[in-house]
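Report on the following structure.
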Amino acid sequence: LKVSLETEIQSIHDTGEQLRIEGQSPNGPVCETFDRVVVATTATVAHRLTKNLDETLVSTEQRDFLSSQDYAANIHLCYRIPRLAESPGVSTIMDCGPGPHALAALSFHRSKEEAKSPQEKELISVYLSDEESLRTMNWSDEKLAAHGLELAREVFPALPDGAQLFQLWRREEAIPVHAVGRYRAAVKFQAAQAASQSRVRFCGDYLATATLDGAIATGLATCDDVAR
């Protein structure tokens, strides 16, 4: 199996018997043909990549669903902190109540550790809300790191000093928005895909729950369809 990393696929074309993908890699332009293509991206990217394909490959209903999907943005900051002397007693704290909130959630990763081998340090994650993520998307890592800690201390003042930024993710399209009727439309999409003979298949969390589990489930279902 050939795996191409750091390669941006920019378009998919139907050559009649095969599908040609075109894109750009660190080594130059990419142009290859395949019998079938599985598009494992966000709905917006899937729509853009397949917008020039005939309806026999991507139906009008599929295209309408892909183009209608909205996403929430998210900035995820993960910190390494000195281990808390006492357990926070919860896995996640969410800033709730009326009005907009800059903080979406503060999560403690200690629940994922082995109880018999506590470390001197532990990880916590700060998730910014959709609106706040968009507002701060272009901030520097240093400014975002300080901002995230400030928001975390508003809901958990016991957060110790000495926190270090461990990892930072910026996602303009992080979480599919669960609009009314979305699940019914997603189930219909997957049923139609399973019954079709199209050489183009789709999978992703927008076709299930907005989680890694949802994305994996649709990927496995798509593999079963292709293998038949």
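The values are calculated or read from the model by the stated rules, or taken from the named source; none is laboratory data. Keep in mind that what you see is a predicted model, and the values were worked out from it rather than measured. Note: ideal-geometry Cβ built from the backbone for every residue, glycine included; neighbour counts use all protein chains shown. These area figures cover heavy atoms from the full protein model, side chains too; ligands, DNA and RNA do not enter into them. Shrake-Rupley method; radii C 1.70, N 1.55, O 1.52, S 1.80 Å.
A few points about this structure:
- Tail beyond 19 Å, pair distance distribution of region 36-93 (Cα, percent): 53
- Solvent exposure ordering (accessible area, 1.4 Å, most first) of H101, H76: H101, H76
- Per residue, the solvent-accessible area of the chain (1.4 Å probe, heavy atoms of protein chains only, all protein chains present) comes to 60 Å².
- Accessible area of V30 in the full protein assembly, 1.4 Å probe (Å², nearest 10): 30
- Residue-span extension gain [E172 to R153] - 0.36 nm each, minus C-alpha spacing: 4.3 nm
- The chain, accessible surface, carbon-and-sulfur percent (1.4 angstrom probe): 53
- Spin-label zone in region 17-42 - amide nitrogen under 15 Å from a point set 7 Å from the Cα of D54 along the C-beta vector: 17-20
- Candidate residues K143, K112: accessible-area rank, largest first, probe 1.4 Å: K112, K143
- Bins of 10 Å, starting at 0 and running to the largest distance - Cα pair percent for region 127-228: 12, 31, 24, 19, 12, 3
- Distance in nm between pseudo-label sites at S111 and T44 (7 Å out along the Cβ direction from Cα): 3.0
- Here the extension length gained between D141 and E22 equals 39.5 nm, from 0.36 nm per residue of separation less the Cα-Cα distance.
- Taking 0.36 nm per residue of sequence separation and removing the Cα-Cα distance, the R36/H13 pair yields an extension gain of 7.1 nm.
- 222 nm mean residue ellipticity, helices alone, for the chain (DSSP H n ≥ 4; -39,500 (n - 2.57); rounded to 500): -9500 deg cm²/dmol
- Evaluated over the chain, the count of Lys pairs having alpha-carbon atoms less than 29 Å apart is 5 (only pairs 8 or more residues apart or interchain).
- Over region 103-147, equivalent-ellipsoid semi-axes from the Cα gyration tensor in Å: 28, 12, 6
- Inter-part distance where region 163-217 and region 7-52 are each reduced to a Cα centre, Å: 19
- In this view, the solvent-accessible surface of E154, computed with a 1.4 Å probe and all protein chains in place, comes to about 120 Å².
- Surface calculation, 1.4 Å probe, protein heavy atoms: D14 sits at approximately 70 Å² accessible.
- Ranking by accessible area, most exposed first, for T42, T15 with a 1.4 Å probe: T15, T42
- For region 1-129: rounded, prolate or oblate by the Cα gyration tensor [a/c cutoff 1.5]: prolate
- Taking Lys and Arg as +1 and Asp and Glu as -1, the other residues whose beta-carbon sits under 11 Å from that of D130 total -3.
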